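Each remark here refers to the structure printed beneath this line.
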Amino acid sequence: MGQLLGLRTVIYPAPDLDAAKAWWSDYLDRAPYFDQPFYVGFDVGGYELGLLPDADPTDGALAYWGVAEMDGPYGAALARGAQVLSAPTDVGDGIVTATLRLPTRAILGLIVNPHFAAR
């Protein structure tokens, strides 16, 4: 269908957010550009590396694929047997995310981010 625009964001589960933030800050040699108790974000070459304290570590890292709009790609995944993990949600500033569990058990992340500009 050609609905995916490319990778945008990778989210790492971070049950100990302070420890994860300290490790990534040291490793990347920079502070996060977004730092809140519910999410920490780093800009890595124009892409988002996120730390999410509420994410399930057993699911591993979650990649979000960019889409121009949510309805088509989200509906296409559902029509092919994907199950909703998180319905499309505006997470702020016009950014919309959704996650689906694929029939293969993998997780597909979709994101509409009007602020993303490929470098």
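Quick notes on this one:
- One residue from 88, 73 being modelled with pLDDT of 95 or more, in a helix (DSSP H, G or I) and under 16 Å from the mean Cα position of the chain (by Cα): 73
- Residue 45 vs. criteria in contact with a strand residue (DSSP E or B) (Cβ under 6 Å, 6 or more places away or on another chain), on the phi > 0 side of the Ramachandran plot, loosely packed, with under 12 Cβ neighbours inside 10 Å and touching a residue at least 40 places away in the same chain (Cβ under 8 Å): no
- Output for region 87-119, where each listed residue is among the hydroxyl-bearing types (Ser, Thr, Tyr) and surrounded by 13 or more Cβ atoms within 10 Å (Cβ to Cβ): 97, 99
Here's the yes/no breakdown for (1) more than 11 Å from the chain's Cα centre (by Cα); (2) closer than 14 Å to residue 13 by Cβ; (3) modelled with pLDDT of 95 or more:
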| residue | (1), (2), (3) |
| --- | --- |
| 60 | yes, yes, no |
| 63 | no, yes, yes |
| 92 | yes, no, no |
| 100 | yes, no, yes |
| 110 | no, no, yes |
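- Boolean, residue 19 is surrounded by 12 or more Cβ atoms within 10 Å (Cβ to Cβ), at negative phi and at pLDDT 95 or above: no
- The set of residues in region 2-39 being in a strand (DSSP E or B), over 12 Å from the mean Cα position of the chain (by Cα) and touching a residue at least 12 places away in the same chain (Cβ under 8 Å) consists of 6, 35.
- Answer residue from region 49-58, given it is modelled with pLDDT of 95 or more and either among the polar types (S, T, N, Q) or in a strand (DSSP E or B) (or both) and is surrounded by the most Cβ atoms within 10 Å (Cβ to Cβ) among those: 51
The values are calculated or read from the model by the stated rules, or taken from the named source; none is laboratory data. Quantities reported herein were computed from a predicted structural model and do not represent experimental measurements. For neighbour counting, all protein chains shown are included, and Cβ atoms are generated from backbone atoms with ideal geometry for every residue, glycine included.
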